[in-house]
Amino acid sequence: MNRNLRTILIVDDDLALLQMLSRKLQKKYRILTADSGSKAITILDDEAVDLMILDQTMPEMSGFDTYTEINRKFQYPPLAIMATAFGNLHLAIMFMKIKGAVDFIQKPIDYKVLELKIKRAFSIFDLQNELRTAEKKQREAEERINASLAEKEILLQEIQHRVKNNMNIISSLLNLQMDEAGDEKTRAVLQDSHNRIQTMAMIHDSLYLTDDLSFIDMQPYLSKLGENILKGYTTENKIRLLVEAENIKLGIRQASPLGLVFNELLTNSIKYAFPENGIGDASIRLKKLADGFELTYMDTGIGIPDDLFKRETNSLGLKLVRTLVEQQLNGSIDIQGQKGAKFIIKFMIASS
């Protein structure tokens with residue numbers, strides 16, 4: 001028997017009809033027969049069947065009940081053609097609608113009509129197989145992509161973790177140098193460098209602790225960064241800091257330079273804004289615009305005198321701010337210094 005032939009299971013309690021259909025169909029198909037629904041189900045446990053020709057009216061189990069059980073038991077049940085008497089035509093139609101039989105044929109069976117219905121059923125069978133194959137390939141491709149993404153995320157987290165650790169080592173070395181520095185000017189330079197390193201380290205810390213390696217939530221990031229900067233200087237500076245950046249997330253390409261800008265501006269306030277008693281307010285507000293973002297930094301200090309502004313413009317602090325805003329953020333900066341210091345920075349949404 002040719003096992004490459006498609007298999008048809010004929011289920012009917014009429015033995016003469018079973019023999020007749022078997023004889024006619026076995027030239028083109030591999031034929032299995034069962035004279036009851038229960039025997040048909042037993043055959044399906046052991047045999048791969050492509051199509052069933054199923055009698056609706058049988059004494060032990062009707063064709064409807066048989067196919068219902070087959071659908072319940074098997075993930076991919078074979079297609080079915082319902083054979084029914086003329087008076088039970090409505091049952092055959094209901095069978096197709098409810099249980100998914102592909103066709104029906106009336107008894108007495110016209111063999112030529114049956115042949116056409118079998119061909120049409122196998123066309124449907126081929127389409128179903130193609131669909132299942134495509135779905136399987138898609139699932140496999142998705143599994144490979146997900147596995148690859150998971151591997152890359154683990155690798156990225158490990159890289160971020162190591163970079164953060166290396167920056168912490170540099171930060172610790174700067175702390176040691178500050179302890180050994182003999183003059184305040186050197187200590188101040190080292191403290192500034194220490195804060196810049198800490199700012200960059202916090203970016204990697206934020207990435208390492210988040211499930212999303214693409215974006216950083218700016219509210220907790222800026223809040224923690226401001227707290228660390230204030231702690232880095234003497235406790236005599238009692239600056240109250242307000243951070244507003246709710247529901248804003250930025251990619252590392254923008255979050256990193258923005259954090260460094262904040263570090264420079266807050267450091268500038270700590271050093272120069274409140275010379276008498278070191279008490280005052282500072283705020284940083286990041287808001288979404290129609291086509292970008294606006295960051296406003298303010299303090300309630302003495303402002304920026306012309307001579308100080310000129311002096312600072314040539315120093316590393318404000319020079320670094322301008323460089324970060326214009327070259328890293330591709331933005332603009334407006335500085336106002338009459339009543340306290342105020343910096344308004346606008347930049348576009350980064351392209352992906």
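The values are calculated or read from the model by the stated rules, or taken from the named source; none is laboratory data. Quick caveat: nothing in here was measured; it's all calculated off a predicted structure. Glycine gets a Cβ as well: all are built from the backbone with ideal geometry, and neighbour counts include every protein chain shown.
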Worksheet item: Filtering segment 30-57 down to residues that are touching a residue at least 60 places away in the same chain (Cβ under 8 Å) and either part of a helix (DSSP H, G or I) or not acidic (Asp, Glu) (or both), which residue is surrounded by the fewest Cβ atoms within 10 Å (Cβ to Cβ)?
Response: Leu51
Item to complete: With respect to Tyr272, determine if the residue is assigned by TED's automatic domain parsing to the domain that holds Glu326, under 21 Å from Gln198 (Cβ atoms) and at pLDDT below 85.
Response: yes
Discussion item. Checking the structure you have, find out if any residue of segment 193-211 is of a type in the set (A, V, I, L, M) and farther than 30 Å from Ala245 by Cβ.
Written reply: no
Item to complete: Evaluate the following for Asp13: is it over 17 Å from Ile124 (Cβ atoms), touching a Ser or Thr at 6+ places or on another chain (Cβ under 7 Å), of a type in the set (Asp, Glu) and modelled with pLDDT of 90 or more?
Response: yes
Practice prompt. Report the residue count in segment 156-185 for those that are more than 18 Å from Ile270 (Cβ to Cβ), without any contact (Cβ under 8 Å) to a residue 12 or more places away in the chain and exposed (fewer than 15 other Cβ atoms within 10 Å of the Cβ).
Written response: 13
Worksheet item: Filtering segment 96-123 down to residues that are modelled with pLDDT under 85, part of a helix (DSSP H, G or I) and not basic (Lys, Arg), which residue is surrounded by the most Cβ atoms within 10 Å (Cβ to Cβ)?
Response: Met96
Worksheet item: So, in segment 223-268, of the ones that are of a type in the set (Gly, Ala, Ser), in a helix (DSSP H, G or I) and in contact (Cβ under 8 Å) with a residue 40 or more places away in the chain, which residue ends up farthest from Met348 (Cα to Cα)?
Response: Gly232
Worksheet, complete the sentence: If we keep only residues of segment 238-261 that are closer than 16 Å to Gly340 by Cα and surrounded by 15 or more Cβ atoms within 10 Å (Cβ to Cβ), then the residue nearest to the chain's Cα centre (by Cα) is Leu241
